[in-house]
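Worksheet: the structure to be examined is printed underneath.
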Amino acid sequence: MPQIAPVTFAAGNARKLLALPGYGLGALASVVVPRRRDRWVFGSGPGVGEGALALYRTVQREDPTLSLLWLARDERDLATATALGIPAVLKSSRQGLWATLRARVIVVTHGFGDANRYGIRGGFVVQLWHGIPLKLINLDSPATLRTRLLPDSTLVRRMLRLMYRTAARSIDIMPAASEVSASRLRTAFDLPEHRVVVTGDPRDDVLVAGDETGRSATARSLLFAALGVADEGRRVLLYAPTWRDGEVDPGVPSAAEWHAIVARLEATDSVLVVRPHPHGVGDYAAGFALSDRVVLLDSARCTDVTPVLPAVDLLITDYSSIAYDFALLGRPIVFLAPDVAAYAASRGLYVDYDTFSGGTQASSWNELLDLLDRAGSDGPARAALAAHAVELADAHHAFRDGGNTRRVYVQITTRLKEHE
């Protein structure tokens, strides 16, 4: 298979600098192209899903007179949108540029590249973001300003900081899960207080709506359909490491660790679902080859992992914001962080890692398996892990009523009227 270059801040920033002329032309076009009052466009970096899909469905239900369009990143996204009955065009096409230029409201979850980045200026931009930040992001992190173009140039870094700050000014509203999250987003994007509003995260509604039994059953159906295997009633452990700016996941098990992992899966009738970050780097093939109890749930099989979380009995992660989402379920979370000192020094964290993990993190799979052995029953070790998850949820989610998406919609429509 051909090697795919890892996704890094340095490469992305180089592309942004080279695209400056396109931004200028797009800004000129936005001056002369009128925006349609009834047009909303939606996009999400990983594909059709995340909070953008939740908001699309709410807007469609609340105001059928609006013209809604999904901006797809590729042909696969087009097919997914079509299967869901959602009108879509390629964001990078002429139709995608025109749709973005003409849209009154532009909804994104990662960055302006979720839509056609050259048509953003002048639209009402809703930046949903994709989780509660633990690691420093955007202007808060020095890693954000790395670039392959003159990497040691102070001038280039200043230009990048100005670009990020100028771009953030286009954001009209940024929903947040809680005031804790809002405070981080405000500094990361240099936004005034009123633009970052605590509504709850739309993508988390699926984790709290309805009853637990129904949520779990629906999620297991989604999960095993995505995996392409039968649901045999096994306990589900999910391993979901974060992106490391192009570096290899240090949590990839060794050959001996894979054997120990599989032995425990067999002893507890469990399955380990490996969910690499869409931009992550790591080879987990040895585990898949060793046992059918180790399975891959990559972004090609499942674009948006949040709806399948109620199928998971225990989460294993490192610095990923998936821990904050999963915490809403009140189930145990185990933290595997073999590189915590180096990662915190390189990327930076908003809180001390011990606070985030509850001080229970393991530095190797052997340590983690020992912890799982102690937490395998309904004893105090398992109760402590679940209690920490509840603490995370209490501290980082202002709402748990399934109404986050509707609150975002109300905020958008209210502010559109104020603009008029």
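The values are calculated or read from the model by the stated rules, or taken from the named source; none is laboratory data. Predicted, not measured: the structure shown is a model, and the values here were computed from it. No Cβ is skipped: glycine too gets one built from the backbone with ideal geometry, and neighbour counts run over all protein chains shown.
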Just one of (1) assigned to a strand (DSSP E or B); (2) surrounded by fewer than 22 Cβ atoms within 10 Å (Cβ to Cβ) trips up P64, so point out which.
-> (1)
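Within the range 321-329, is there a residue that is in contact with a Pro (Cβ under 8 Å, 6 or more places away or on another chain) and among the hydroxyl-bearing types (S, T, Y)? Break it down stepwise before answering.
Going through the range 321-329, the residues in contact with a Pro (Cβ under 8 Å, 6 or more places away or on another chain) turn out to be 321, 329.
Imposing the further condition that a residue be among the hydroxyl-bearing types (S, T, Y) reduces the set to 321.
Checking the range 321-329: at least one residue is in contact with a Pro (Cβ under 8 Å, 6 or more places away or on another chain) and among the hydroxyl-bearing types (S, T, Y).
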Sole residue being closer than 23 Å to A375 by Cβ, modelled with pLDDT under 90 and out of contact with any Cys (no Cβ under 9 Å at 6 or more places or on another chain), chosen from G251, G210 | G251
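Does any residue of the range 230-243 turn out to be among the aromatic types (F, W, Y), within 21 Å of V206 (Cα to Cα) and assigned by TED's automatic domain parsing to the domain that holds D318?
Residues of the range 230-243 among the aromatic types (F, W, Y): 239, 243.
Next cut, within 21 Å of V206 (Cα to Cα) only: 239.
Now drop any that are not assigned by TED's automatic domain parsing to the domain that holds D318, which leaves 239.
Looking through the range 230-243, at least one residue is among the aromatic types (F, W, Y), within 21 Å of V206 (Cα to Cα) and assigned by TED's automatic domain parsing to the domain that holds D318.
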Do we have any residue at all in the range 114-126 that's farther than 25 Å from L55 by Cα, at pLDDT 85 or above and not in a loop (DSSP other than H, G, I, E, B)?
-> no
Please indicate, with yes or no, whether at least one residue in the range 186-201 is in contact with a helix residue (DSSP H, G or I) (Cβ under 6 Å, 6 or more places away or on another chain), outside the structural domain of P241 (by TED's automatic domain parsing), basic (K, R) and on the phi < 0 side of the Ramachandran plot.
-> no
Just to be sure, is D339 closer than 30 Å to L145 by Cβ, assigned by TED's automatic domain parsing to the domain that holds R215, of a type outside the set (S, T, Y) and surrounded by fewer than 20 Cβ atoms within 10 Å (Cβ to Cβ)?
-> yes
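Of the residues that sit in the range 195-218 and are in contact with a strand residue (DSSP E or B) (Cβ under 9 Å, 6 or more places away or on another chain) and not hydroxyl-bearing (S, T, Y), which one is farthest from V295 (Cα to Cα)? First the steps, then the outcome.
To start, the set of residues in the range 195-218 that are in contact with a strand residue (DSSP E or B) (Cβ under 9 Å, 6 or more places away or on another chain) comprises 195-202.
So of that shortlist, the ones also not hydroxyl-bearing (S, T, Y) come out as 195-198, 200-202.
On the way: R195: 41, V196: 38, V197: 39, V198: 37, G200: 32, D201: 29, P202: 28 Å.
Ranking the candidates gives R195 first.
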Would you check which residues across the range 67-107 are closer than 23 Å to V31 by Cβ and in a helix (DSSP H, G or I) and list them?
-> R94, Q95, G96, L97, W98, A99, T100, L101, R102
